[in-house]
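So the structure is just underneath, and the comments pick up after that.
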Amino acid sequence: MPTSDLLRDHPGPWDRATRHPFLLGVRDGSLAAGAFDTWLVQDARYVADLLRFQARLLARAPRPAQAVLAGGAVALVEELAWFEELTARRGLDLDVPRLPATAAYAELLGRLDAADVPTALTALWAIERVYLDAWTAAAPGAEEYAEYVAHWTMPGFAAYVDGLAAAADALGGRHDDVVLEVLDAEVAFWDMAVGGA
Ligand code: HMH
């Protein structure tokens, strides 16, 4: 299966993106609240960018991939509402510019709009799989972060990631380069929060 090969053949890049100091800090409580807040606000921007990308991918996806992509798009809309609730609770302003890593990731998503569907769908699978694995590595999380870790490791999310893998695998091909680009973008995104960039 192509997606499982992509996991097997690039252990270093997957590890760097899923065992980042940010996530270790979430797990043991050593992550500063300010770093988490920076990350949270930027991730809300990112999810809005991802929803646009996903909606465009849905528009051009073959019939068998439509259901998983449409379901994921609804989940991203709900995720944005959750971010609004969280940031309000934490007293954070969502109306801030993208920091460089967020802007670079948006640029990657823009390029994926022009990629063929198998490549773009494999990239989306990598985007969600790395996020699931990252939060799973942080689980259960220190007390102040446990609620967030639980949200991003829910069984329904894992099932969605499996659905994306099946849809990508059905289209075939190997798309190593785009997956490696996603993993680099993920590391830069965690770096942004801990680096205070
Ligand atoms: C940076 N990658 C990043 N944020 C997310 N919310 C996801 C992936 C998954 O939706």
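Here Arg56 fulfils each of the conditions (1) under 18 Å from Ala134 (Cβ atoms); (2) among the basic types (Lys, Arg); (3) in contact with an Asp or Glu (Cβ under 7 Å, 6 or more places away or on another chain) apart from (1). Taking first residues from region 164-179 that are on the phi < 0 side of the Ramachandran plot and partners that are among the basic types (Lys, Arg) and in a helix (DSSP H, G or I), the Cβ contacts under 8 Å between residues at least 6 apart in sequence or on separate chains come to Leu164/Arg129; Ala165/Arg129.
Can you pull out the residues in region 121-155 that are within 15 Å of the ligand (Cβ to nearest atom), open to solvent by 30 Å² or more (accessible area, probe 1.4 Å) and either in a loop (DSSP other than H, G, I, E, B) or over 20 Å from Phe36 (Cα atoms) (or both)? Matches in region 121-155: Arg129, Thr153, Met154.
The values are calculated or read from the model by the stated rules, or taken from the named source; none is laboratory data. The shown structure was predicted, so the numbers you read here are calculated from the model rather than taken from an experiment. Note that each Cβ is placed from the backbone with ideal geometry, even for glycine, and that neighbours are counted across all protein chains shown. For accessibility, only protein heavy atoms count, side chains too; no ligands or nucleic acids. Shrake-Rupley method; radii C 1.70, N 1.55, O 1.52, S 1.80 Å.
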